[in-house]
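The values are calculated or read from the model by the stated rules, or taken from the named source; none is laboratory data. Everything numeric here is computed off the predicted structure, so don't read it as measured data. Virtual Cβ from ideal backbone geometry, glycine too; neighbours counted across all protein chains shown. The accessibility values were calculated without ligands, DNA or RNA, using every heavy atom of the protein model including side chains. Shrake-Rupley method; radii C 1.70, N 1.55, O 1.52, S 1.80 Å.
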Amino acid sequence: MPSLEKTGVVDAAESGQESGGADARGPVVAEPAVRVVDVHKSFGEVRALQGISFTAARAGVLGILGPNGAGKTTTVKILSTLLRPDSGTAVVAGHDVVRDAAGVRRSIMMTGQYAALDENLSGRENIELFGRLMGLGKRAARQRADTLLEEFDLVGAGRRAVRHYSGGMRRRIDIACGLVVRPEVVFLDEPTTGLDPRSRQGVWDLVTALKRQGITVLLTTQYLEEADVLSDNIIVIDKGTVIAEGTADELKERTGGSYCEVVPLDPTKLGAAVAALGDLVPEAVRNDAAGNGDKQVDRVSIPAPDGAGTLAEALRRLDSAGVELADIALRRPSLDDVFLSITGHSGGHS
């Protein structure tokens, strides 16, 4: 995946731009790359957004999660000037989406679930076309195409028609076209949908490269592990408003933090395991285990506020009671657990 060093993307420290650094007058507090305040949007009687507010820091990745119909796509369309908000304020890269839509468009790149390419043109021709549309001369557009094809590892495929490309290659060419001129903010709307694991990893590497070079990324995704791995901050949208915000770790803490899962070798010994664990087992968990006599329950989960210390104490007690184990592990809630607990929807439907 590209380092972007040859794509005209210059590190903010080298370019001298004010991005939160310090100058002779003291520290400069950077404005967020994206600021959304109390934005509403309705389609007839359907209220898609009901006062959504959030910010996205510069040179970071903001993950946007939410079930179908939550308002994610409407939010992205407003921020990219494809839709006009009914009320509220949205500023992208210093440009108001209503008063200075042209400024917003000059500052962003947007990639949807499906590559916006001319399939009859080659990868090189698509990049050159975008370059000319962005105001580059013929020679500059060709040079830019050369650079981007090399950086995106598509030199060999550059002269083939895009219709012959794999899904991962289409995605790379699509994103390369958006980087002909350096954007300040990139919107990636479910960019890895339909891609194989190797191609998905390639897009993940690209997102990391964009962040490293000082570009802000807003990422909507249906893969919660994707948001977990890539995002510096996450917002959860449901019914047109932000219902949770924080880092992946902060959101996971909302479901109770780490827990210890104990699986006896003999499932019939679950009661003995619970008894041996004693006060480590909350009363509600103890009652639940006791009330599942007709169900095949083979494990018990207990809070682990001390992390590895709780695990060690559980092992000591179980060993003393002679309870043999098939497995015992310290686990943290997944982002999928968080999503389900916050929205009541499975993350697979985001």
Cβ-Cβ under 6 Å pairs, at least 6 apart or on other chains, the stretch 34-47 side farther than 12 Å from Val97 by Cα and at pLDDT 95 or above, far side of a type in the set (A, V, I, L, M) and part of a strand (DSSP E or B): His40/Leu49; Lys41/Ala48; Lys41/Leu49
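Take the residues in the stretch 126-135 that are open to solvent by 80 Å² or more (accessible area, probe 1.4 Å) and farther than 9 Å from Val180 by Cα; name whichever of them is nearest to the chain's Cα centre (by Cα). So that I can check it myself, show each step before the final result.
Residues of the stretch 126-135 open to solvent by 80 Å² or more (accessible area, probe 1.4 Å): 132-134.
Checking the rest, the ones that are also farther than 9 Å from Val180 by Cα come to 132-133.
Numbers: Arg132: 31, Leu133: 30 Å.
Once the filter is applied, the top-ranked residue is Leu133.
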- request: Would you be able to tell me the number of residues in the stretch 262-286 that are among the charged types (D, E, K, R) and under 16 Å from Gly309 (Cβ atoms)?
  value: 1
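When only residues in the stretch 143-160 that are more than 28 Å from the chain's Cα centre (by Cα) and aliphatic (A, V, I, L, M) count, which is most open to solvent (accessible area, probe 1.4 Å)?
Among those that are more than 28 Å from the chain's Cα centre (by Cα) and aliphatic (A, V, I, L, M), it is Val155.
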task: Determine which single condition Lys138 fails, assuming it passes every other condition in (1) surrounded by fewer than 22 Cβ atoms within 10 Å (Cβ to Cβ); (2) in contact with a strand residue (DSSP E or B) (Cβ under 9 Å, 6 or more places away or on another chain).
output: (2)
field: strands (runs of 3 or more DSSP E) contained in the stretch 232-342 and holding at least 3 residues under 22 Å from the mean Cα position of the chain (by Cα) and surrounded by fewer than 18 Cβ atoms within 10 Å (Cβ to Cβ)
entry: 241-246
query: If you go through the stretch 69-82, how many residues are part of a loop (DSSP other than H, G, I, E, B), over 23 Å from Ile173 (Cβ atoms) and free of Cβ contacts under 8 Å to residues at least 60 places away in the same chain?
result: 2
message: So Arg139 ticks every box in (1) touching a residue at least 40 places away in the same chain (Cβ under 8 Å); (2) more than 17 Å from Ile215 (Cα to Cα) but one. Which box is left unticked?
response: (1)
